[in-house]
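Since the structure comes first, as structure tokens, the remarks are kept for the end.
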Amino acid sequence: MYTGKVMDHFANPRNVGELSDASGVGEVGNAVCGDIMRIYIKVENNIITDIKFKTFGCGAAIATSSMVTELAKGKTIEDALEISNQAVAEALDGLPPVKMHCSNLAADALKAAIIDYKKKNGMSTEGLEMCPGCCHGCGKEEKNTD
Amino acid sequence: MKAYLDNAATTKVLPEIANAMAAAMVENYGNPSGIYELSRNSKNLLDTSREQVAKLINASPKEIIFTCGGSEGDTMILEGIVKKYRDKGNHIITTKVEHHAILHACEALEETGVQVTYLDVDENGKVSPEAVEAAITDKTILISVMYANNEIGTVMPIREIGAVAKKHNVLFHTDAVQAVGHIPVDVVADNIDLLTLTAHKFHGPKGTGAVYIRQGVKMDKIIYGGGQEKGLRPGTEDTAGILGLGMAAEHALNHMEENKKRVGALRDKLIAGIEASIPEVRLNGARVDRLPNNVNFSIKYIEGEGLLLLLDMNGIAASSGSACTSGSLDPSHVLLAIGLPHEIAHGSLRLTLSEFTTDEEVDYVLEKLPQIVERLREMSPLYNK
């Protein structure tokens, strides 16, 4: 069901943990639907120099969290904001369709961390909109059957 | 090291059953409806299996109808009874913790105008006979309550519910798929009118089961064809599968007491071991009235699918009631019905044993599970040591 890359990032997740001196922290999802992702970023000279995550969720949730930290590390804030949930999934060679919505929120968590960083530093967050961060909020619920 | 702990999903076929089935397919292939010797042999094989299955649940052979398994049996009874008694009433009583074979059949019947009462259960997953009695109306034509729960292993007060049904002259069906072959089931003492069972839950083949229909209980058919199985389940009989079902029934009956004791002891070891080695866990299901092969825990701060993946990487087969493994965005309806909050229900782990389960497998799980849980908890933003 999962690709080799997903299984690799799930079994050997990169950048797990917290940053005590984080420049921004973002959290999306909720425990009710079974996925919570929290991302910590350290920003120096507009560049994400360190990044950590903590995730409660399924294999895809952990793998996408791990992958987004790898994609974002060393990038400028502007480039990091270009990372989409879709791009994270593609970097993992794809996710099962049912996981695309509910467990593919890692880029949103990164975005939330960047918004937090900008707010803390008095920067504008105009145009940076967040999804409501819950599986049931946007009417995009997916039901699969097996 | 490998450990197979998903026996509530399905069990290994006993090797002697698999061999006998293979032989029957090539040697005993006659259609049981024919009159020549090859057919008579097949017919005899069906008769023997019918006796073996009947004996397992204290029924009479003529009360056994072979089916292709649990979902078919449940659907055929619910729809067949409604079809027959629709003029008499249109109300069914069941519970919120039934298998989807019952719940989805009830939902389909609701679309045709049938009224269904889904009874609540207590924190252990039990429905009370009083609640069943209180739900009965003059329109009630069927009560359907599972014998034992497939997820949390709770055994329902079937005998008491059977007595209530009898007192009010309402037909009583039980989906006994998880109970038959594991604990004594006596359709006479339990006042059961209709029962569903399937072979693959007690070391028989997949795709073969039976329903028990008490003599005198009438129902309509939902499958059309020839006159096989009293016309209630037309279609050429799967003689090899039915042979396997009969053999599995006989084996289960002959070994029930020893298996209950041995498997029950392994279950208790697993429960005690998990409670001793992993903090913040909750045993789901009744401690006393519990299937001897079922262990179900909620493990706080982690989600079930990740747990199953890591267990699988260590050679351990298990299951969970998390949304990711239940096939929807919601965790198991059973765990929600016993009052667990969503976030706790997502982190459930079911380990189910069989007579093949060894001490070594249990020890191995008790060695690996705490490490895996700790690893996932360390990744979890909900966990603060």
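The values are calculated or read from the model by the stated rules, or taken from the named source; none is laboratory data. From a predicted model like this one, the values you see are computed outputs, not experimental measurements. We place every Cβ from the backbone using ideal geometry, glycine too, and count neighbours over all the protein chains shown.
Summary of computed values
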read-out: Residues of region A:80-113 satisfying the condition of being assigned to a helix (DSSP H, G or I), touching an Asp or Glu at 6+ places or on another chain (Cβ under 7 Å) and more than 11 Å from A:Ile39 (Cβ to Cβ); value: A:Asn85, A:His101, A:Cys102
read-out: Qualifying positions in region B:340-364 - aliphatic (A, V, I, L, M) and either surrounded by fewer than 24 Cβ atoms within 10 Å (Cβ to Cβ) or modelled with pLDDT of 95 or more (or both); value: B:Leu340, B:Ile344, B:Leu349, B:Leu351, B:Leu353, B:Val362
read-out: Wholly within region B:125-241, strands (runs of 3 or more DSSP E) carrying at least 2 residues that are free of Cβ contacts under 8 Å to residues at least 40 places away in the same chain; value: B:171-175
read-out: Hits in region B:273-288 (condition: small (Gly, Ala, Ser) and farther than 15 Å from B:Ile338 by Cβ); value: B:Gly273, B:Ala276, B:Ser277
read-out: A:Ile51 vs. criteria crowded, with 17+ Cβ neighbours inside 10 Å, more than 26 Å from B:Asn384 (Cβ to Cβ) and not hydroxyl-bearing (Ser, Thr, Tyr); value: no
read-out: Failed condition for A:Val25, given (1) among the hydrophobic types (A, V, I, L, M, F, W, C); (2) at pLDDT 95 or above; (3) not in a strand (DSSP E or B); value: (3)
read-out: Residues of region A:28-39 satisfying the condition of being in a strand (DSSP E or B) and either more than 16 Å from B:Glu378 (Cα to Cα) or touching a residue at least 60 places away in the same chain (Cβ under 8 Å) (or both); value: A:Val28, A:Gly29, A:Asn30, A:Asp35, A:Met37, A:Arg38, A:Ile39
read-out: Selected residue [of a type outside the set (A, V, I, L, M), farther than 30 Å from B:Leu349 by Cβ and assigned to a strand (DSSP E or B)] from A:Lys42, A:Lys52; value: A:Lys42
read-out: Single residue of region A:1-12 satisfying the filter (surrounded by fewer than 20 Cβ atoms within 10 Å (Cβ to Cβ) and not acidic (Asp, Glu)) that is nearest to A:Ile51 (Cα to Cα); value: A:Asn12
read-out: Residue in region A:122-129 that is surrounded by 15 or more Cβ atoms within 10 Å (Cβ to Cβ) and either of a type in the set (A, V, I, L, M) or at pLDDT below 95 (or both) present; value: no
read-out: Options B:Val164, B:Val132, B:Val145; residue that is within 15 Å of B:His99 (Cα to Cα) and not acidic (Asp, Glu); value: B:Val145
read-out: Some residue of region B:80-94 being free of Cβ contacts under 8 Å to residues at least 40 places away in the same chain, part of a helix (DSSP H, G or I) and under 18 Å from B:Lys221 (Cβ atoms); value: no
read-out: Scope region B:148-161; condition crowded, with 21+ Cβ neighbours inside 10 Å and within 17 Å of the chain's Cα centre (by Cα); matching residues; value: B:Ala148, B:Asn149, B:Asn150, B:Glu151, B:Ile152, B:Gly153, B:Thr154, B:Val155, B:Met156, B:Ile158
read-out: Residue satisfying all of: in region A:18-55; facing chain B (nearest Cβ under 10 Å) and acidic (Asp, Glu); farthest from A:Ile114 (Cα to Cα) among these; value: A:Asp35
read-out: Among (1) at the interface with chain A (Cβ under 9 Å from one of its Cβ atoms); (2) of a type in the set (A, V, I, L, M); (3) without any contact (Cβ under 8 Å) to a residue 24 or more places away in the chain - the single one B:Leu336 does not satisfy; value: (1)
read-out: Tabulated pairs, region A:1-17, first facing chain B (nearest Cβ under 10 Å), second among the hydroxyl-bearing types (Ser, Thr, Tyr) and outside any helix (DSSP H, G or I), C-beta under 9 angstrom, 6+ apart or interchain; value: A:Phe10/A:Tyr2; A:Pro13/A:Thr55; A:Val16/A:Thr55; A:Gly17/A:Tyr40
read-out: Pair list, Cβ < 9 Å and 6+ apart or interchain, from region A:57-72 residues that are more than 9 Å from chain B (Cβ to nearest Cβ) and over 17 Å from B:Tyr383 (Cα atoms) to residues that are surrounded by 24 or more Cβ atoms within 10 Å (Cβ to Cβ) and basic (Lys, Arg); value: A:Thr64/A:Lys99
read-out: B:Lys96 vs. criteria more than 26 Å from B:Gly235 (Cβ to Cβ) and out of contact with any strand residue (DSSP E or B) (no Cβ under 7 Å at 6 or more places or on another chain); value: no
read-out: Residue among A:Lys75, A:Lys52, A:Lys42 that is without any contact (Cβ under 8 Å) to a residue 40 or more places away in the chain, touching a helix residue (DSSP H, G or I) at 6+ places or on another chain (Cβ under 8 Å) and over 22 Å from A:Met1 (Cβ atoms); value: A:Lys52
read-out: Options B:Val164, B:Val177, B:Val145; residue that is farther than 26 Å from B:Arg267 by Cα and either among the hydrophobic types (A, V, I, L, M, F, W, C) or crowded, with 23+ Cβ neighbours inside 10 Å (or both); value: B:Val164
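Residue-by-condition table, conditions (1) within 14 Å of another protein chain (Cβ to nearest Cβ); (2) under 30 Å from A:Pro96 (Cα atoms); (3) free of Cβ contacts under 8 Å to residues at least 40 places away in the same chain; (4) buried (at least 18 other Cβ atoms within 10 Å of the Cβ):
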{"residue": "B:Ala265", "(1), (2), (3), (4)": "no, no, yes, no"}
{"residue": "B:Ala276", "(1), (2), (3), (4)": "no, no, yes, no"}
{"residue": "B:Leu283", "(1), (2), (3), (4)": "no, no, yes, no"}
{"residue": "B:Leu291", "(1), (2), (3), (4)": "no, no, no, yes"}
{"residue": "B:Tyr301", "(1), (2), (3), (4)": "yes, yes, no, yes"}
{"residue": "B:Gly306", "(1), (2), (3), (4)": "yes, yes, no, yes"}
{"residue": "B:Leu309", "(1), (2), (3), (4)": "yes, yes, yes, yes"}
{"residue": "B:Ile316", "(1), (2), (3), (4)": "no, yes, no, yes"}
{"residue": "B:Gly321", "(1), (2), (3), (4)": "yes, yes, no, yes"}
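So that you can scan it fast, the table gives a plain yes or no per residue for (1) surrounded by fewer than 20 Cβ atoms within 10 Å (Cβ to Cβ); (2) within 15 Å of the chain's Cα centre (by Cα); (3) closer than 26 Å to A:Ala31 by Cβ:
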{"site": "A:Ser84", "(1), (2), (3)": "yes, yes, yes"}
{"site": "A:Ala87", "(1), (2), (3)": "yes, yes, no"}
{"site": "A:Leu92", "(1), (2), (3)": "no, yes, yes"}
{"site": "A:Pro96", "(1), (2), (3)": "yes, no, yes"}
{"site": "A:Lys99", "(1), (2), (3)": "no, yes, yes"}
{"site": "A:Ala106", "(1), (2), (3)": "no, yes, yes"}
{"site": "A:Lys111", "(1), (2), (3)": "no, yes, yes"}
{"site": "A:Asp116", "(1), (2), (3)": "no, yes, yes"}
{"site": "A:Lys119", "(1), (2), (3)": "yes, no, yes"}
